[in-house]
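Please treat every number below as a calculation from the coordinates, not as lab data. What you are looking at is a predicted structure, and each value in this text was computed from that prediction instead of being measured. Backbone-built Cβ (ideal geometry, glycine too); neighbour counts: all protein chains shown.
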Ligand code: SAH
């Protein structure tokens with residue numbers, strides 16, 4: 001199926017990307033390009049102003065993250081999303097960032113999204129099929145798995161880049177284990193007060209962790225806890 005975007009949505013998405021560039025959140029041409037190509041309007045819930053810079057509810061006590069958070073995470077991971085690399089997106093939700101990762105690593109790379117709500121897995125596949133990343137899903141370099149993301153997705157490890165889209169109480173050891181030496185994980189950590197942590201696995205296997213900024217994400221938890 002040919003991918004079609006209306007002139008209006010292309011313009012609004014472009015204006016959003018320019019806004020994020022103006023405020024210095026998008027710093028690189030590559031991130032601007034991928035956020036131009038992956039139209040937020042194809043992932044945001046209907047009835048909401050898709051191109052506003054804010055999170056929006058997607059049901060099941062989950063949200064699509066705000067564009068400035070998507071941009072921040074893409075910037076932090078850019079060096080680890082080069083063509084041919086492997087990425088894991090835990091709590092892939094709408095599939096927005098998963099689709100961006102697939103564009104960045106290309107057909108020779110591999111991207112796995114892990115989401116534990118079956119309806120969101122279905123929704124993200126629908127969204128990606130409408131987007132410029134549809135071919136990667138079809139050809140298999142991009143896939144979405146229904147599983148507990150706290151365990152990662154060991155079958156395709158190790159990863160150059162791991163993104164976690166929900167806040168963990170502590171950094172799960174299984175995710176650190178699935179990071180390649182030289183790889184980077186971006187993960188919100190905390191309960192009410194959360195920090196976006198940047199976890200670098202050094203070439204000798206040791207791990208360096210720093211806090212990038214304060215954030216507010218939905219919790220990385222069990223399906224039962226999330227739905228209750
Ligand atoms: N980056 C996504 C964020 C979605 S919100 C987006 O912008 O669309 C966080 C997501 O994490 C939710 O979809 C939620 O269902 C999921 N999640 C929470 N705990 C999880 C777990 N243990 N395993 C897998 N997914 C989880």
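Tabulated data for the structure shown
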| item | result |
| --- | --- |
| Residue in region 35-55 that is away from the ligand (no atom under 15 Å from the Cβ) and either within 16 Å of the chain's Cα centre (by Cα) or part of a helix (DSSP H, G or I) (or both) present | yes |
| Residue match in region 209-221 (condition: closer than 30 Å to residue 9 by Cα and touching a helix residue (DSSP H, G or I) at 6+ places or on another chain (Cβ under 6 Å)) | no |
| Test set (1) assigned to a helix (DSSP H, G or I); (2) more than 10 Å from the ligand (Cβ to nearest atom); (3) without any contact (Cβ under 8 Å) to a residue 60 or more places away in the chain; (4) crowded, with 24+ Cβ neighbours inside 10 Å - residue 70 fails condition number | (2) |
| Elements of type strands (runs of 3 or more DSSP E) contained in region 134-228, each with 1 or more residues being over 22 Å from residue 82 (Cβ atoms) and within 13 Å of the ligand (Cβ to nearest atom) | 142-146, 179-190, 194-201, 207-215 |
| Every residue from region 13-34 that is part of a helix (DSSP H, G or I) and touching a helix residue (DSSP H, G or I) at 6+ places or on another chain (Cβ under 7 Å) | 13, 14, 16, 17, 20, 21, 30, 31, 32, 34 |
| Residue 98 being within 29 Å of residue 214 (Cβ to Cβ), within 11 Å of the ligand (Cβ to nearest atom), in contact (Cβ under 8 Å) with a residue 24 or more places away in the chain and not in a helix (DSSP H, G or I) | no |
